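The values are calculated or read from the model by the stated rules, or taken from the named source; none is laboratory data. The model shown is predicted, which means the values in this text are computed figures rather than measured ones. Cβ atoms come from the backbone with ideal geometry, glycine included; neighbour counts cover every protein chain shown.
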């Protein structure tokens with residue numbers, strides 16, 4: 001199995017593309033920031049066995065691995081490539097049964113009414129069609145969490161290579177905030193969700 005790798009804007013994260021589905025098209029990415037959270041994914045659990053692996057993000061057709069700052073990619077990349085190839089070639093599951101259903105919902109549209117609901121629908125559509133594909137190309141994901149109609153603040157959460165990336169604040173402010181403010185005048189500011 002040939003697995004392509006791509007650097008990401010986050011120097012501590014690398015994107016691994018095995019040339020086959022991981023979670024599948026349209027799936028919301030799944031973030032495993034610690035070994036303890038990886039119980040829903042046998043693949044993530046195996047990758048955490050590699051010394052220096054600090055986080056795993058599973059996307060539609062990629063795996064993003066975040067390493068410890070003190071570790072060099074040349075020291076752990078071969079082990080990660082081998083673990084992914086061995087797991088997928090053996091036909092082992094990426095997720096345990098029911099794990100995808102356990103992924104947290106990003107928000108509930110029914111929490112919004114009238115004009116606020118229309119604003120949220122516009123925001124979500126822009127994020128889904130314009131922002132998420134670009135962020136996925138960098139090995140991460142971004143999810144709408146909440147909109148405060150009174151203040152015009154949109155809260156988003158970043159995952160994978162985007163979480164902890166030195167340029168994530170610039171991505172939120174210069175990129176996503178400007179895009180949303182341009183198309184949705186009610187948006188005043190974009191913040192990282194806690």
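Which is loosely packed, with under 15 Cβ neighbours inside 10 Å and modelled with pLDDT of 80 or more, of 113, 191, 177, 186? Steps first, answer last, please.
Values: 191 fails: loosely packed, with under 15 Cβ neighbours inside 10 Å; 177 fails: loosely packed, with under 15 Cβ neighbours inside 10 Å; 186 fails: loosely packed, with under 15 Cβ neighbours inside 10 Å.
It is 113.
When residue 147 is evaluated against the numbered criteria (1) touching a strand residue (DSSP E or B) at 6+ places or on another chain (Cβ under 7 Å); (2) modelled with pLDDT of 90 or more; (3) under 29 Å from residue 12 (Cβ atoms), which criterion, by number, is the only one it fails?
(3)
Does at least one position in region 25-46 carry a residue that is farther than 20 Å from residue 99 by Cα and at pLDDT 95 or above?
For region 25-46, residues farther than 20 Å from residue 99 by Cα and at pLDDT 95 or above: absent.
Looking only at region 11-55, count every residue that is part of a loop (DSSP other than H, G, I, E, B), in contact with a helix residue (DSSP H, G or I) (Cβ under 8 Å, 6 or more places away or on another chain) and over 20 Å from residue 95 (Cα atoms) and tell me the total.
Of the residues in that region, 2 qualify.
So in region 87-106, with the set limited to residues that are modelled with pLDDT under 70 and surrounded by 10 or more Cβ atoms within 10 Å (Cβ to Cβ), which one is nearest to residue 157 (Cα to Cα)?
The residue in question is 106.
Residues are listed down the side, and each one gets a yes or a no for (1) in contact (Cβ under 8 Å) with a residue 60 or more places away in the chain; (2) over 27 Å from residue 155 (Cα atoms):
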| site | (1), (2) |
| --- | --- |
| 6 | yes, yes |
| 12 | yes, no |
| 25 | no, no |
| 54 | no, no |
| 81 | yes, yes |
| 117 | no, no |
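When you scan region 113-122, do you find a residue that is over 20 Å from residue 8 (Cα atoms) and part of a loop (DSSP other than H, G, I, E, B), even just one?
Narrowing region 113-122 to residues over 20 Å from residue 8 (Cα atoms): 113-122.
Retained after the next criterion (residues that are part of a loop (DSSP other than H, G, I, E, B)): 113.
Yes, region 113-122 contains at least one residue that is over 20 Å from residue 8 (Cα atoms) and part of a loop (DSSP other than H, G, I, E, B).
What are the residues in region 56-76 that are part of a helix (DSSP H, G or I), surrounded by fewer than 18 Cβ atoms within 10 Å (Cβ to Cβ) and touching a residue at least 24 places away in the same chain (Cβ under 8 Å), if any? Step through it out loud before you land on a result.
Applying the first criterion (part of a helix (DSSP H, G or I)) to region 56-76 yields 73-76.
Still in the running and surrounded by fewer than 18 Cβ atoms within 10 Å (Cβ to Cβ): 73-75.
73, the sole residue that qualifies.
Please work out if residue 135 is buried (at least 16 other Cβ atoms within 10 Å of the Cβ) and at pLDDT 90 or above.
Working: buried (at least 16 other Cβ atoms within 10 Å of the Cβ): yes; at pLDDT 90 or above: no.
So residue 135 fails the test.
Kindly evaluate residue 79 against the criterion of being more than 15 Å from residue 140 (Cβ to Cβ) and surrounded by 19 or more Cβ atoms within 10 Å (Cβ to Cβ). Walk me through it before giving the result.
Details: more than 15 Å from residue 140 (Cβ to Cβ): yes; surrounded by 19 or more Cβ atoms within 10 Å (Cβ to Cβ): no.
Spelling it out, it is not the case that residue 79 is more than 15 Å from residue 140 (Cβ to Cβ) and surrounded by 19 or more Cβ atoms within 10 Å (Cβ to Cβ).
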